[in-house]
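Each reported figure results from applying straightforward, stated rules to the coordinates on display, with no laboratory input. Please read all numbers here as calculations on a predicted model, not as lab measurements. Cβ sites come from the backbone with ideal geometry, for glycine too, and all protein chains shown count toward neighbours.
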Amino acid sequence: MDHYEIIRPNIPTGQVYHFTSGFGVEYEVRFARKKENILHAVIAFGVLNEEYEGEEYALTNKGDVFKVMTTIITIIKIYGEKHPNTQVYEFTGVLKEGDDDNEMSQRTKLYLRYLPRIFDDSWQIDIQGNKIIVHKKRK
């Protein structure tokens, strides 16, 4: 599947990517490094449009989830190429109001389905409640 046009950071090793869906929804994908381990990247992405009232993790329900996820996969792969020493990637799906903290959100389940398209057998996927941690297997 094709992806949306990606706006890369001005610096090739930058941490923030953007794209706009065919419905005009603006997304940001951000990679943050852990202070205690610079080879650990936390991935966050969300909506920037004001119509979602500043709710970065809003569900847009525009029917383009597959193309949005394909775009995010492409961005993660680009980031990985630019940061080949990264050993850990972390994703956390935001829980909806009233969800149990120990329960996996629908968004986390969606991320989990797409991880095999990003990471091969040299990576291990661990689930900790609503958090997914993907780390390079030791040889």
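Report the full-extension gain for the segment Gln15 to Arg138: residue separation times 0.36 nm, less the Cα-Cα distance, to one decimal in nm.
41.7 nm
What ranking, highest mean first, results for peptides 110-117, 130-137 when packing means the other Cβ atoms within 10 Å averaged over each residue?
Top to bottom by mean Cβ count within 10 Å: 130-137, 110-117.
Once fully extended, how much extra length lies between Arg117 and His3, figured as 0.36 nm per residue of separation less the alpha-carbon to alpha-carbon distance?
Here the segment from Arg117 to His3 would lengthen by 39.7 nm.
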